[in-house]
1. For the stretch 458-474, give me the residue count where each residue is among the polar types (S, T, N, Q) and either farther than 24 Å from Gly532 by Cα or surrounded by 20 or more Cβ atoms within 10 Å (Cβ to Cβ) (or both).
2. Applying the selection to the stretch 119-129, what residues are closer than 16 Å to Leu153 by Cβ and surrounded by fewer than 16 Cβ atoms within 10 Å (Cβ to Cβ)?
3. What are the pairs, 6+ residues apart or on separate chains, where a residue within the stretch 396-425 that is farther than 14 Å from Arg445 by Cα and charged (D, E, K, R) has its Cβ under 6 Å from a residue that is assigned to a loop (DSSP other than H, G, I, E, B) and modelled with pLDDT of 70 or more?
4. What about Asp512, is it more than 31 Å from the chain's Cα centre (by Cα), at pLDDT 90 or above and either assigned to a loop (DSSP other than H, G, I, E, B) or surrounded by fewer than 15 Cβ atoms within 10 Å (Cβ to Cβ) (or both)?
5. Tally time: how many residues in the stretch 287-296 are within 18 Å of Trp334 (Cα to Cα), under 15 Å from the mean Cα position of the chain (by Cα) and hydrophobic (A, V, I, L, M, F, W, C)?
6. Can you tell me which residues in the stretch 148-178 are modelled with pLDDT of 85 or more and either in a loop (DSSP other than H, G, I, E, B) or within 35 Å of the chain's Cα centre (by Cα) (or both)?
7. So, in the stretch 523-557, of the ones that are more than 17 Å from Glu473 (Cα to Cα) and part of a helix (DSSP H, G or I), which residue ends up modelled with the lowest pLDDT?
8. Collect the residues in the stretch 61-103 that are in contact with a helix residue (DSSP H, G or I) (Cβ under 8 Å, 6 or more places away or on another chain) and without any contact (Cβ under 8 Å) to a residue 40 or more places away in the chain, keeping them in residue-number order.
Amino acid sequence: MARFRLAVLTVWLAACAPSADIDWVGDVRFVNDDAAEFARPEHDDARWARTWFAQLPAPERVLWIRARVHLAPSERPVAVFVGALASHEVFWDGVLVGRGGVVGDTAAAEVPGPIEAHHRIPDALAAPGVHVLALRTSAFHRGFAPQTGYWGLGVGAYEDVLLHRWRGTWIALISLSGILLGTLIAFATFALDRRDRSPLFLGLAGLAAAPLLGVEAWRPLAGYPYSWHVVRLAVLCALSALLQLLLAAYLARRFPHRRSSRFVLLAAPALAIPALVFPSWNDKLAFLHIVGFSLAAAWTAAAWRRRGAWPALAGIALALALAVVDRDAFLDRWLYFALDGLFALLLIGHLVEWRDALLVRERAAARSARLEAELLKRHLQPHFVMNTLTAIGGWIEEDPPTAVRMIDSLADELRTLAQVSDRPLISLAEELRLCRAHLETMSLRRDVAYRLDTDGTDGTERVPPALIHTLVENAVTHGPMQGTVAFQLSAAHGNGRTRFSFVSPRGDDAPDQTAPGTGTRYLEARLREAWGDDWSLDQRAVGTDWRVEIDVPRRAP
């Protein structure tokens, strides 16, 4: 592991360090004209305009550039590096040593050359001393007006020139491997628990970030004709917008709020603003990321109470700081580190929260199993069994048909309870069968006509076993004990959720509020086991009735 870290550090330092052996040309002379004599070293260019290479204007037709460079004594081969949105011919002391594309005085005559190129200087021409470097260029196929169409002209050792071209590629490939690993982890997390779709959006964001890094490294890795540069910039802009939109969707899922949909809808036009406001492609891309990271930071900061919010906020803040502090170099250098750090911290926060959720569900399952045993024990307590058997014994002598009904209803209730008690979710139809079997048993025992009416239910809803049965049992215990007693269960569906309402009449001595007992704890444990924290339970007195409302997702977890 120590050797691996040392290797990574070495690559990073080599990639980020400036090329000390390359002599970068700054001061140049130029003219918008074309003549063969401009390549000759003895040509007098004193009347030509003078500027820095990176500030050269766009060629009107053919643009000649001249500079004088000094070679120190060296036994290493020498090369010239040219980075420009232009076709070019390179002359060294009047000798043509390389060309990129075909320079022409019209768009039809020009063939676009590579955006970056290196040309080796013949050893016979690379003697120590001062040399004249001349470039003949044309640029009819840019497709847009860049702030600068010329950015790199240098002379140095051949190996150093190659290293300079590829140094960004190493950083991109290392970062790309981290992004792809994070993407796989995100998809694996979603596959293990499909109830939470936020890892799916994180994985999709990784699939957008991976080609973004690939396209960013395209120029030094493979090169392309300079006429494709505008296409590359448009692809970078589209992938950056897609990445930021998926990041917003991930955070809206990860830290849900009633305005989550509005947040994602707001992010789309907000990300379009930089593309419309800024004329420069570099500014478009940089501010697109700044806007996206700012929105993400604001949304995550609002959810700071959530356990996984702090790692996510740290990753977003890191990326935002890199984009703001060094905006000009963000895309070429810091984007790689920003995305790697962001994805790593997002995954850390998500996995920590996921682990905690699993622990909560395991504890809820253990608690519900214990409470289930308590409920079964209470249902089969000696007092209940004794009274039931005593009633059956009396009916056998006085009313055998009623005794048979009592035995059948009790057997049906116990059989159903045994079949569903160990399942996490059952259909509402099974739950209602259990409830009605219990009501028939209690109706025979107490000589009270208990009835359970339903409204808005279709029987396919999924509920934890004995959820409604517990409500019915409590209602029988604390409700009236004469005449006809009707309980009402209704269900309302909407927005992917189901809201159950259970209403029962209260007895004369029933209190307005009750402390949470075994039944309430069982309800909470079962709901938490099934849906984590995505549920609500509310019970209260409403006039002469007792109302219980339970809100759960419509879709089974």
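1. Of all residues in the stretch 458-474, those among the polar types (S, T, N, Q) come to 460, 470, 474.
Going one step further and asking which of them are either farther than 24 Å from Gly532 by Cα or surrounded by 20 or more Cβ atoms within 10 Å (Cβ to Cβ) (or both), we end up with 470, 474.
Residues meeting the conditions: 2.
2. Step one: of the stretch 119-129, the residues closer than 16 Å to Leu153 by Cβ are 119-121.
Scanning the stretch 119-129 gives a single hit, Arg120.
3. Close Cβ pairs (under 6 Å, with a partner that is assigned to a loop (DSSP other than H, G, I, E, B) and modelled with pLDDT of 70 or more) amount to Arg423/Pro465.
4. On the way: more than 31 Å from the chain's Cα centre (by Cα): yes; at pLDDT 90 or above: no; either assigned to a loop (DSSP other than H, G, I, E, B) or surrounded by fewer than 15 Cβ atoms within 10 Å (Cβ to Cβ) (or both): yes.
When the stated conditions are applied, Asp512 does not pass them.
5. Total satisfying the criteria: 1.
6. Residues satisfying the conditions are Thr148, Gly149.
7. Only one residue tops the list, namely Glu529.
8. Across the stretch 61-103, the qualifying residues are Val95, Val97.
The values are calculated or read from the model by the stated rules, or taken from the named source; none is laboratory data. Since the model is a prediction, treat every value here as computed from it, not as a measurement. In this analysis, Cβ positions are derived from the backbone assuming ideal geometry, glycine residues included, and neighbour counts consider all displayed protein chains.
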